[in-house]
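Below: one structure, written as structure tokens.
The values are calculated or read from the model by the stated rules, or taken from the named source; none is laboratory data. Keep in mind the model is a prediction, meaning the values are calculated, not measured. Cβ sites come from the backbone with ideal geometry, for glycine too, and all protein chains shown count toward neighbours. These accessible areas exclude ligands, DNA and RNA; they are computed on the full protein's heavy atoms, side chains included. Shrake-Rupley method; radii C 1.70, N 1.55, O 1.52, S 1.80 Å.
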There are 2 protein chains.
Amino acid sequence: MIEIIVIGYGNVGSHLIEVLLSNTSINLKQVYNRSIEKIEHLLSKCPITNSFDEILEADVYIIAVSDDEISTVSKALKIDNKLVVHTSGSVDMNILNSNRKGVFYPLQTFTKNKSIDFSNIPLCIEANNDSDLILLEKLASKISNNSFILDSCQRKKMHLAAVFVNNFANHLYHIGYTICEENTVPFEILHPLMEETLNKIKGIPPLDSQTGPAKRNDQKTITLQLGQLSEAQQKIYMSLTNSIINTYKNHG
Amino acid sequence: MIEIIVIGYGNVGSHLIEVLLSNTSINLKQVYNRSIEKIEHLLSKCPITNSFDEILEADVYIIAVSDDEISTVSKALKIDNKLVVHTSGSVDMNILNSNRKGVFYPLQTFTKNKSIDFSNIPLCIEANNDSDLILLEKLASKISNNSFILDSCQRKKMHLAAVFVNNFANHLYHIGYTICEENTVPFEILHPLMEETLNKIKGIPPLDSQTGPAKRNDQKTITLQLGQLSEAQQKIYMSLTNSIINTYKNHG
């Protein structure tokens, strides 16, 4: 049975702890959090601490804190010859202050208080030696059906791609929502369209599924639509429209 | 039984004809297309023509041609006292040259040669008199479970919202795809994230589900990520990032 200690009870940490606790082939040996109050409710399920001096022995230490704090926490941990991993998409593995290190990055957008089915979450793993990579693969396979070995450079690029398809897509949804709300149109009308937009690109590259005024370089509609937008929306509209026009100019 | 004539065999027209033909309580009385070759294969299922002089009598005439041609086609039709509708998201109903007019706009992104389940497609309808609105509601209910009465102004705004959540979201998917491809990361890793991004906003407004560096105003990550992008991608990145930062500045 793999013994795990999780450091940090933020968005990623809390969801990870939830799935580790529910798995009978994993021993969640301890949870650390700076503020002990936030993890007191876990006490009936596993030992907790807010002191690095009290950290127990385990096979894998998962540092699930914000990017800026990974280095500090890693130094404070003082772990020798045990695997220490972080859970960040954008931080290099080598920031970890340990001879055996790795990354265990669940690529998903977590919402506090909303349970998530880990079985479909892609886990991106990396380690600085082969046996630890095998250990992380074993751990990953216990909680998800999708694990991928990515090095730090690939992971950073994927994290960047995720900013576009997740964070930025969500802001476009927000703009669509706002336009609907201001005109008393139910936003739900757009749900099937949004679903089909996503479904399409599972079968064909998004380059081939593009539609709309920018794809057609339909200047008349573009001008009409620009006139209906706020200044910030216009900037977004134009940056995307110009990029689409240029993309298809080059692709014929 | 409602008698329908469809004018035009483009993306919307061809999908509409497919669903009308499959419906036993609708009589697709005739299909018009400028180029007769493109609709010859329909001949075994319904009469076809490429001459406005040969157009038959029916209850509803559906003009499914490109936005720029709606007015010309409507004038060429010479229909008296029958309901004439177009299928466009952005064109005003009043462009139609007919005393009984309306709109029958299926809000979906259609792909040639890809069948679509109409039962979930929102149909946005409008008519210039109550009895024709009822007729359109009846027609809509035969092919979809979702019909909405929107006036021309609301429909135009919803079409604008659709450009953001469909066309622009698809281009963000394209950028994510490109970044993955250039770094030999399988784009499929991002699919569950994209699904969750969409699922979230069915339960809560997108304003509340925003995450990422821009939401946190994390200038360090923003600068790092900008440095990895092409010029066109940088413009998109900054327009969205600035808009997100300003959105949450105002919302605390």
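Go through the residues of the range B:230-241 one by one and say whether even a single one is over 28 Å from residue A:200 (Cα atoms) and in contact with a His (Cβ under 8 Å, 6 or more places away or on another chain).
Scanning the range B:230-241 turns up no residue that is over 28 Å from residue A:200 (Cα atoms) and in contact with a His (Cβ under 8 Å, 6 or more places away or on another chain).
Within the range B:14-50, track down each residue that is touching a residue at least 12 places away in the same chain (Cβ under 8 Å) and of a type in the set (S, T, N, Q).
B:14, B:23, B:25, B:27, B:30, B:33, B:35, B:49, B:50
Considering only the range A:185-220, state which residues are within 7 Å of chain B (Cβ to nearest Cβ), within 25 Å of the chain's Cα centre (by Cα) and of a type in the set (A, V, I, L, M).
A:193, A:194, A:198, A:201, A:207
Can you tell me which residues in the range B:221-241 are open to solvent by 60 Å² or more (accessible area, probe 1.4 Å) and more than 8 Å from chain A (Cβ to nearest Cβ)?
Residues satisfying the conditions are B:223, B:227, B:231, B:234.
Between A:152, A:66, A:119, which is closer than 26 Å to residue B:200 by Cβ, in contact (Cβ under 8 Å) with a residue 40 or more places away in the chain and hydroxyl-bearing (Ser, Thr, Tyr)?
Exactly one of A:152, A:66, A:119 is closer than 26 Å to residue B:200 by Cβ, in contact (Cβ under 8 Å) with a residue 40 or more places away in the chain and hydroxyl-bearing (Ser, Thr, Tyr), namely A:66.
Taking residue B:205 as meeting all but one of (1) crowded, with 16+ Cβ neighbours inside 10 Å; (2) out of contact with any Lys or Arg (no Cβ under 9 Å at 6 or more places or on another chain), write down the number of the exception.
Only one criterion in (1) crowded, with 16+ Cβ neighbours inside 10 Å; (2) out of contact with any Lys or Arg (no Cβ under 9 Å at 6 or more places or on another chain) is unmet by residue B:205, namely (1).
Among the residues of the range B:11-35, write down those that are under 25 Å from residue B:71 (Cα atoms), open to solvent by less than 30 Å² (accessible area, probe 1.4 Å) and not hydrophobic (A, V, I, L, M, F, W, C).
If the condition is that a residue be under 25 Å from residue B:71 (Cα atoms), open to solvent by less than 30 Å² (accessible area, probe 1.4 Å) and not hydrophobic (A, V, I, L, M, F, W, C), then B:13, B:14, B:15, B:30, B:32, B:33 are the ones that fit.
Cβ-Cβ distance below 9 Å, separation of 6 or more or different chains: which pairs start in the range B:1-13 with a residue that is over 15 Å from residue B:35 (Cβ atoms) and end on one that is part of a strand (DSSP E or B) and open to solvent by 40 Å² or more (accessible area, probe 1.4 Å)?
Partner pairs satisfying both residue conditions: B:1/B:27; B:2/B:27; B:3/B:27; B:3/B:29; B:4/B:27; B:4/B:29; B:5/B:29.
For a quick check of your reading: which strands (runs of 3 or more DSSP E) sit entirely within the range A:83-187 and have at least 2 residues that are open to solvent by less than 10 Å² (accessible area, probe 1.4 Å)?
Those strands (runs of 3 or more DSSP E) span A:83-86, A:101-106, A:123-127.
When the residues of the range A:67-120 are filtered to those that are within 24 Å of residue A:22 (Cβ to Cβ) and among the hydroxyl-bearing types (Ser, Thr, Tyr), which remaining residue is farthest from the other protein chains (Cβ to nearest Cβ)?
Among those residues, the one meeting the criterion is A:87.
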